[in-house]
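Okay, structure first, notes after.
The values are calculated or read from the model by the stated rules, or taken from the named source; none is laboratory data. A quick note: this is a predicted structure, and the numbers were derived from the prediction, not measured. Every residue, glycine among them, receives a Cβ derived from its backbone with ideal geometry; neighbour counts consider all protein chains shown.
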Amino acid sequence: MNLLLAEDDAILADALTAQLRQAGFEVEHAPNGAVAEYLLLKQPHDVAVLDLGLPLVDGLTVLKRVRAARPALPVLVLTALDSLDDRVAGLNAGADDYLTKPFDFPELEARLRALLRRTRPIGTSAELGHLSFDRDTRRATVRGEPLELSPREWMLLDLLLAQRDKVVTKEQIQQAWALDRSEGAAAGANNSIEVYIHRLRRKLEQSGLAIRTVRGLGYLLEVEAGEGG
Ligand code: CA
């Protein structure tokens, strides 16, 4: 398990690095947000532990940028204060879990193990219900029939698959689209997200998959009952 630890407190970072290594993780340490962002975008880590209060680039900004490029990366954020605003902002920016400082190492380890069990990153291809999806060839089929997707529909399906069993927020969709120049326009408004969700739902009708709307939060990809996968 490759873990990136972004923490600017050198004493805490050293202690955590030693404990994480003892617990079997390969640890790479970033002492500031700029290095954290660079490493996370460059290397395929299995999980990241990200302090929100980082110099150069703050943790929340790092998280937003990395989340857009790596939607499936499990991220646990560390917050200095038990501030509800920080936790909400972290979860909105795509954190999978958070821990308030100070914490005991066994709690961090338990949270990381739970996080890694929960997020099962898909590789370059996925088979779910009657859908088969291949990132490398950018090809998807439903019951063997090619699925014609626009670039934005493709990104949407990719996000939903990468975070299956977990809500994809409208903010995450907008961030993913903001990086996309293929269809001209800037990041879509919320109502255009709904339009794309509607189209994708229609295209997935025979797939055994359903996109559920979680009111006020976002969307969730589910395998319909009896379809397995
Ligand atoms: Ca800090």
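Tell me the residue from 135, 87 that is outside the structural domain of residue 7 (by TED's automatic domain parsing), at pLDDT below 85 and surrounded by 13 or more Cβ atoms within 10 Å (Cβ to Cβ), please.
Values: 87 fails: outside the structural domain of residue 7 (by TED's automatic domain parsing).
Sole residue among the options that is outside the structural domain of residue 7 (by TED's automatic domain parsing), at pLDDT below 85 and surrounded by 13 or more Cβ atoms within 10 Å (Cβ to Cβ): 135.
Could you grab me the full set of residues in segment 1-15 that are modelled with pLDDT of 95 or more and either in contact with a strand residue (DSSP E or B) (Cβ under 6 Å, 6 or more places away or on another chain) or within 11 Å of the ligand (Cβ to nearest atom) (or both)?
Passing the criteria: 3, 4, 5, 6, 7, 8, 9, 10, 12, 13.
Among the residues of segment 16-30, write down those that are crowded, with 17+ Cβ neighbours inside 10 Å and modelled with pLDDT of 95 or more.
Residues of segment 16-30 crowded, with 17+ Cβ neighbours inside 10 Å: 16-17, 20, 25, 27-30.
16, 17, 20, 27, 28, 29, 30, listed by residue number.
Sort out which residues of segment 49-91 are part of a helix (DSSP H, G or I), over 10 Å from the mean Cα position of the chain (by Cα) and within 16 Å of the ligand (Cβ to nearest atom), and write them in order of number.
Of everything in segment 49-91, those that are part of a helix (DSSP H, G or I), over 10 Å from the mean Cα position of the chain (by Cα) and within 16 Å of the ligand (Cβ to nearest atom) turn out to be 59, 60, 61, 62, 86, 87, 89, 90.
Just to be sure I understand, how many residues within segment 153-171 are modelled with pLDDT of 85 or more and touching a Gly at 6+ places or on another chain (Cβ under 9 Å)?
Within segment 153-171, the first condition is being modelled with pLDDT of 85 or more, and the residues that meet it are 153-161, 167-170.
With touching a Gly at 6+ places or on another chain (Cβ under 9 Å) added as a condition, the list becomes 167-170.
Of the residues in that region, 4 qualify.
If we keep just the residues of segment 31-48 that are crowded, with 24+ Cβ neighbours inside 10 Å and among the aliphatic types (A, V, I, L, M), which is farthest from the ligand (Cβ to nearest atom)?
Only one residue fits best here, namely 40.
Could you figure out which of (1) within 16 Å of the ligand (Cβ to nearest atom); (2) at pLDDT below 90; (3) of a type in the set (Asp, Glu) isn't true of residue 97?
(1)
Going through segment 49-59 one residue at a time, which ones are buried (at least 21 other Cβ atoms within 10 Å of the Cβ) and either more than 18 Å from residue 116 (Cα to Cα) or in contact (Cβ under 8 Å) with a residue 60 or more places away in the chain (or both)? Give the derivation first.
Applying the first criterion (buried (at least 21 other Cβ atoms within 10 Å of the Cβ)) to segment 49-59 yields 49-52, 54, 59.
Matches in segment 49-59: 49, 51, 52, 54, 59.
Give all pairs with beta carbons closer than 6 Å in which a residue from segment 1-29 that is over 17 Å from residue 79 (Cβ atoms) meets a residue that is among the hydroxyl-bearing types (Ser, Thr, Tyr) and within 16 Å of the ligand (Cβ to nearest atom); count only pairs at least 6 apart in sequence or on separate chains.
27/17; 29/17
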